[in-house]
Structure formats: structure tokens, C-alpha cells
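Reading through the C-alpha cells given below for one structure.
The values are calculated or read from the model by the stated rules, or taken from the named source; none is laboratory data. Computed from a predicted structure; not experimentally measured. For neighbour counting, all protein chains shown are included, and Cβ atoms are generated from backbone atoms with ideal geometry for every residue, glycine included.
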Amino acid sequence: MFNIVPWKLYEADLERFWVHYGLIILGAVIVIITAIVQWAKPAPYGKHESMSSNWGCAVPQRLGHMLSDATPGVVLFLLVFFLYGKARGYANYVFLAVWLCHYTHRGVLHPLMMRYKSSNVAIGITLGGFIPNCLFHFVNADFVGNAEYDSNYYYDPRFIIGLLLYIIGFIINKWADWKLRSLRSQKGSTGYYIPYGGLFELISCPNYFGEFVEWIGWTISTWSLAGLVWTLFAAATFFPRSRHNHQWYKANFEFYPPNRKALIPWIF
Ligand SMILES: NC(=O)c1ccc[n+]([C@@H]2O[C@H](COP(=O)([O-])OP(=O)(O)OC[C@H]3O[C@@H](n4cnc5c(N)ncnc54)[C@H](OP(=O)(O)O)[C@@H]3O)[C@@H](O)[C@H]2O)c1
């Protein structure tokens with residue numbers, strides 16, 4: 001039988017119930033603030049780095065990204081899943097594994113392999129990632145560590161379609177980041193170039209598009225409000241930043257392909 005809600009969470013624990021859903025409500029407020037702030041002005045790193053920014057002292061960029069992504073995405077997530085989580089079905093472990101695939105790459109491999117223009121980044125950028133990530137990653141680890149899924153969820157279309165989307169998004173995201181890395185063919189080169197090929201023919205930011213697809217897949221497969229609020233938070237960054245990046249490309253390259261969109265092929 002098809003269950004609209006295919007899991008049980010904190011039915012007999014009101015305290016944990018309200019910690020979980022209270023943090024989701026807080027997360028929703030942060031989504032709205034983030035969307036407004038990011039739409040108005042891009043965070044000053046990468047293409048939008050500004051010498052006059054007041055985002056605080058400089059920290060090494062690779063270390064900064066590891067702190068903002070690997071600490072909450074790997075360390076905190078594992079601690080919450082194993083020490084605060086109680087559910088131990090196959091679905092819980094599948095979700096743990098796919099989340100860690102993303103965050104060991106994003107939090108460890110990505111900062112080590114990318115060829116950044118600047119070796120430093122403002123501490124405000126690091127904290128601006130670290131603080132909301134702690135909240136959203138806690139709430140997702142709390143959910144996938146504690147939700148007791150139906151025993152036949154393995155065959156549920158939400159589980160299968162969501163995971164497929166996650167894998168497709170993961171491949172697009174990693175491919176696009178590698179493609180951007182390869183634009184700076186030599187170690188130490190710092191220029192910006194027009195990326196061509198694959199989804200870059202349709203949009204300026206396939207790395208953000210791929211990650212957005214991943215989190216949509218995550219939300220569908222976990223069938224959770226925790227996943228939804230995290231996906232909305234990612235969207236609150238990806239839509240504004242891809243728009244700023246797209247405008248930046250058009251302003252800096254006279255012959256930038258005019259038919260490209262910013263984030264969603266043919267649409268946005
Ligand atoms: N979940 C979230 O909320 C969230 C938020 C932001 C990012 N992310 C993820 O984090 C990863 C990195 O994001 P990002 O904002 O740093 O991406 P990005 O601005 O596209 O930059 C990625 C890398 O490619 C380089 N690069 C970008 N465009 C280039 C060009 N035209 N020519 C040469 N090099 C270029 C950048 O160099 P420079 O650093 O020198 O510009 C940087 O090393 C992505 O996978 C993204 O999906 C996730």
C-alpha cells in the first residue's frame with residue numbers, strides 16, 4: 001500500500017519533535033533572508049571578490065572551504081547520525097552514504113583540487129557558509145538518523161526516482177567543477193575564460209544546476225521537510241549567484257554566447 005508519509009519520526013518524543021521542526025522553521029526564515037541579501041549583492045568571493053569588502057580578515061581559501069563544508073557536512077553529520085540518531089534501517093544508511101559522497105567531495109577534495117584566483121578568502125564568507133550549514137546539516141542528519149522508514153520503502157518510486165536524480169545531479173555538479181578547473185590549464189594561472197561544452201552551452205552555472213538537482217533528488221528520496229528547507233536554502237544561493245555570474249560573464253566577454261541562460265536551461 002502507498003503511504004503518503006513513508007516514515008515515523010518522534011511520535012513519542014515531543015521534545016525532539018519540536019527541536020526538529022523548530023529548526024526547520026528557523027531554516028525557512030534564513031532561506032528568505034538569504035534570498036533577499038544574495039539577490040541584492042553577490043557574496044564577495046571568486047568573480048565577485050572585492051578589495052573593499054568588510055567581510056573580515058583573510059583566511060586561507062582552501063582551509064576556509066573545508067571549515068565551512070567538511071566540518072558540518074562530514075564531521076557534524078556523522079556525529080549526529082551515530083550519536084543522536086536511533087533508526088538503523090537500510091534507507092538510513094543509504095541516505096548517510098549519498099550525503100557523505102557529496103560532502104567528502106565538496107568539503108575535502110574540491111577545495112584541494114580547485115585552482116583559485118586568490119589564495120585567501122574573507123572570514124565572513126567562511127562563516128557565512130559554516131553557520132547555516134551547521135543548522136541545515138544538523139536537521140538533515142537528525143532526520144535521516146531518526147526517521148523509521150517503511151520496510152518496503154526500497155521499492156517506493158520516491159526513493160528510486162529521488163536517488164536517480166541525486167546521482168544525475170552529482171555527476172553534472174562534479175563534471176562542471178572539473179571543467180571549470182581545467183580552464184586554468186596551468187598551476188598558478190588566475191584568468192577567467194568562457195567555458196564551452198556540455199551544459200555550459202545552455203547555462204552559465206551547470207555546477208550550481210547539478211547541485212540543485214541533487215538536493216531536489218535528496219528531498220524526494222528522503223521525503224522530508226528537512227530536505228526541502230535545505231533545497232530551498234541552496235536555491236536561495238544558486239538563483240541569485242548564477243544571475244550575478246551570468247551578468248558578470250556578459251559584462252566581461254563581448255562575445256559571450258547570447259542564448260545561454262544563468263541556471264535553468266531555456267528558462268532562467
Ligand atoms: N549548497 C550551497 O548552498 C552552495 C553554495 C555555493 C556553492 N556551492 C557549491 O560549491 C562549489 C563551488 O562553488 P563556487 O561558488 O565557488 O563556484 P564558482 O564561482 O563557479 O567557482 C568554482 C571554481 O571555478 C573557478 N572558475 C569559475 N568560473 C571560471 C572561469 N570562467 N574561468 C576560470 N575559472 C573559473 C573558480 O575560480 P575563482 O575562485 O578564482 O573565481 C573556482 O575555483 C559548487 O559545486 C557549488 O555547487 C554550494
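Values computed for the structure shown
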| read-out | value |
| --- | --- |
| Matching option when the condition is near the ligand (Cβ under 10 Å from one of its atoms) and crowded, with 16+ Cβ neighbours inside 10 Å, among 162, 191, 227, 210 | 210 |
| Tabulated pairs, segment 207-231, first without any contact (Cβ under 8 Å) to a residue 40 or more places away in the chain, second basic (Lys, Arg) and surrounded by 24 or more Cβ atoms within 10 Å (Cβ to Cβ), C-beta under 9 angstrom, 6+ apart or interchain | none |
| Within segment 142-159, considering residues that are in a helix (DSSP H, G or I) and hydroxyl-bearing (Ser, Thr, Tyr), the one surrounded by the most Cβ atoms within 10 Å (Cβ to Cβ) | 153 |
| Residues satisfying the stated conditions in segment 1-17, i.e. in a helix (DSSP H, G or I) and either closer than 28 Å to residue 156 by Cα or among the aliphatic types (A, V, I, L, M) (or both) | 14, 16, 17 |
| Positions within segment 47-81 being hydrophobic (A, V, I, L, M, F, W, C) and under 22 Å from residue 166 (Cβ atoms), in sequence order | 70, 74, 75, 76, 77, 78, 80, 81 |
| Filter result for the condition that a residue is within 16 Å of the ligand (Cβ to nearest atom), touching a Gly at 6+ places or on another chain (Cβ under 6 Å) and not polar (S, T, N, Q), over 128, 107 | 107 |
| Those residues of segment 235-268 which are within 18 Å of residue 44 (Cβ to Cβ), free of Cβ contacts under 8 Å to residues at least 60 places away in the same chain and surrounded by 13 or more Cβ atoms within 10 Å (Cβ to Cβ), in sequence order | 238, 242, 246, 247, 249 |
| Flag for residue 235 being within 12 Å of the ligand (Cβ to nearest atom) and out of contact with any helix residue (DSSP H, G or I) (no Cβ under 6 Å at 6 or more places or on another chain) | yes |
| Some residue of segment 33-41 being over 27 Å from residue 243 (Cα atoms), modelled with pLDDT of 95 or more and among the aromatic types (Phe, Trp, Tyr) | no |
| Options 95, 136, 81, 143; residue that is out of contact with any Phe, Trp or Tyr (no Cβ under 7 Å at 6 or more places or on another chain) and within 26 Å of residue 38 (Cβ to Cβ) | 143 |
